[in-house]
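Trainee: Dropping a structure here in structure tokens format, bear with me for questions.
The values are calculated or read from the model by the stated rules, or taken from the named source; none is laboratory data. For clarity, every value in this text was computed on a predicted model and none was experimentally measured. Note that each Cβ is placed from the backbone with ideal geometry, even for glycine, and that neighbours are counted across all protein chains shown. For accessibility, only protein heavy atoms count, side chains too; no ligands or nucleic acids. Shrake-Rupley method; radii C 1.70, N 1.55, O 1.52, S 1.80 Å.
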Amino acid sequence: MNIAVFSTKPYDKSYLDAFNKNYGHQLTYFESSLKKKSTKLTKGYDAVCIFVNDQIDEATLADLAENEVKLIALRCAGFNNVDLKAAKKHNIKVVRVPSYSPEAVAEHALALIMTLNRKTHKAYNRVRESNFSLNNLTGFNIFGKEVGVIGTGQIGAAFCRIMLGLGCRVSAFDIHESEELKSLGVQYKTLDMLYAQSDIISLHCPLNSKTSHLINKESLEKFKPGAMLINTSRGGLVDTTAIIEALKSHHLGYLGIDVYEQEENLFFEDLSERILQDERILRLLSFPNVLITSHQAFLTREALDQIADTVLSNISAFEANKPLVNQIS
Ligand code: NAD
């Protein structure tokens, strides 16, 4: 099939090209993202391949339909950026990569926790400048702490297993409880109990109308003072303004995020020579107890292998009129 790949980075191209030797599709790479403004690029393609910050809203979908695009193949698990109702209306199928190395994201959540806690990013810079002082580098033992996990699907479950392995008490909230996790020692609680009792809270649920701004002024007030919040899921789960206030008042002790509400204007790009206009990210960057990575939790060799293979096999299944096991409906 003739596929237009949007938001392409060098690693996307190298992994897709390598796996495409087994599939034989025609891939055309565009660095630009796919949104209403860029839909003219999709003329002549049967399918588009997109990532987390492409904006597939009603207007974009109407243009795709006019250009006779029949399939949207996501290179990710989350699909909050696609208007599924409009896709259905225009008879455009949407497929995703539901699970690719959940450990990649879960391990990145752990990396954020460890770095924030033991301040290895600060120690690295200090020692390189021959500053061997330990002042202000005090952390806490992760062992024995209570970790609250919101969303215990593929990634949340992998994260629970890691934290159990570190000797934490792991509590969780999900609309579907996992018997397997319970048998491993995970204790499901109400959200209010999880907020009040957790030393570390990690978000692993999808972004949808029910979870948008789940972490807001009211929920933050229920957090244990000094708690750590980790978000590797989607930026919109968190009300950034409320987070800034909770950090300013010292109520929130640490924040580690791999995702940010307005990330589509920032993440994945080198903006080091630009003047950033986003006041909220600038405020977040000013806190010594905040660590931000730019949506890299998925970025392991194993995950990129699985993403490329699944994307291409989803497209081949569509082309061959076979059942679309990874279709989002
Ligand atoms: P999943 O579908 O396996 O699990 C999601 C879980 O959230 C499910 O158990 C579901 O029941 C639960 N859930 C749904 N609504 C909920 C609610 N209102 N409250 C609590 N729990 C709720 O998905 P996954 O593969 O574990 O991925 C989770 C999220 O991680 C994705 O939606 C995506 O946004 C994010 N993600 C981020 C990266 C990254 O690089 N940072 C990579 C992959 C996925």
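Trainee: Output yes when any residue across the stretch 311-320 is within 16 Å of the ligand (Cβ to nearest atom) and open to solvent by 20 Å² or more (accessible area, probe 1.4 Å), and no when none is.
Mentor: no
Trainee: Let me ask something additional. The conditions are (1) open to solvent by 20 Å² or more (accessible area, probe 1.4 Å); (2) within 16 Å of the ligand (Cβ to nearest atom), and residue 303 fails exactly one of them. Which is it?
Mentor: The failed condition is (1).
Trainee: Sort out which residues of the stretch 30-75 are basic (Lys, Arg) and without any contact (Cβ under 8 Å) to a residue 40 or more places away in the chain, and write them in order of number.
Mentor: Scanning the stretch 30-75 gives 35, 36, 37, 40, 43.
Trainee: With the requirement that a residue be more than 10 Å from the ligand (Cβ to nearest atom), part of a loop (DSSP other than H, G, I, E, B) and either in contact with a Lys or Arg (Cβ under 6 Å, 6 or more places away or on another chain) or closer than 17 Å to residue 324 by Cα (or both), what does the stretch 73-95 give you?
Mentor: Within the stretch 73-95, 75, 91, 92 qualify.
Trainee: Scan the stretch 33-59 residue by residue and report those that are under 20 Å from the mean Cα position of the chain (by Cα) and either small (Gly, Ala, Ser) or assigned to a loop (DSSP other than H, G, I, E, B) (or both).
Mentor: Within the stretch 33-59, 33, 34, 35, 51, 52, 53, 54, 55, 57 qualify.
Trainee: Separate question: Examine the stretch 8-20 for a residue that is buried (at least 20 other Cβ atoms within 10 Å of the Cβ), without any contact (Cβ under 8 Å) to a residue 40 or more places away in the chain and not in a helix (DSSP H, G or I), and state whether such a residue exists.
Mentor: Looking through the stretch 8-20, at least one residue is buried (at least 20 other Cβ atoms within 10 Å of the Cβ), without any contact (Cβ under 8 Å) to a residue 40 or more places away in the chain and not in a helix (DSSP H, G or I).
Trainee: If we scan the stretch 119-133, do we find a residue that is open to solvent by 50 Å² or more (accessible area, probe 1.4 Å) and at positive phi?
Mentor: Scanning the stretch 119-133, I find at least one residue that is open to solvent by 50 Å² or more (accessible area, probe 1.4 Å) and at positive phi, so the answer is yes.
Trainee: While we're on this one: Determine which single condition residue 207 fails, assuming it passes every other condition in (1) among the hydrophobic types (A, V, I, L, M, F, W, C); (2) more than 16 Å from the ligand (Cβ to nearest atom); (3) out of contact with any strand residue (DSSP E or B) (no Cβ under 7 Å at 6 or more places or on another chain).
Mentor: Condition (2) is where residue 207 drops out.
Trainee: Kindly indicate the residue of the stretch 84-106 that is hydrophobic (A, V, I, L, M, F, W, C) and out of contact with any Cys (no Cβ under 9 Å at 6 or more places or on another chain) and also surrounded by the fewest Cβ atoms within 10 Å (Cβ to Cβ) among those meeting that condition.
Mentor: By that ranking, first place goes to 84.
Trainee: Still on this model: Report whether or not residue 227 is touching a helix residue (DSSP H, G or I) at 6+ places or on another chain (Cβ under 8 Å) and open to solvent by less than 10 Å² (accessible area, probe 1.4 Å).
Mentor: Judged against the criteria, residue 227 is not a match.
Trainee: Can you pull out every residue in the stretch 122-180 that is touching a Gly at 6+ places or on another chain (Cβ under 8 Å) and within 12 Å of the ligand (Cβ to nearest atom)?
Mentor: 149, 150, 172, 173, 174
Trainee: Please find, among 266, 271, 255, 247, the residue that is open to solvent by 10 Å² or more (accessible area, probe 1.4 Å) and out of contact with any Ser or Thr (no Cβ under 9 Å at 6 or more places or on another chain).
Mentor: Every option except 271 fails the conditions.
Trainee: Between a first residue in the stretch 269-282 that is assigned by TED's automatic domain parsing to the domain that holds residue 247 and a second residue that is surrounded by 10 or more Cβ atoms within 10 Å (Cβ to Cβ) and in a helix (DSSP H, G or I), which pairs have beta carbons less than 8 Å apart while being 6 or more apart in sequence or on different chains?
Mentor: The qualifying pairs are 276/282; 278/265; 280/240; 280/241; 280/244.
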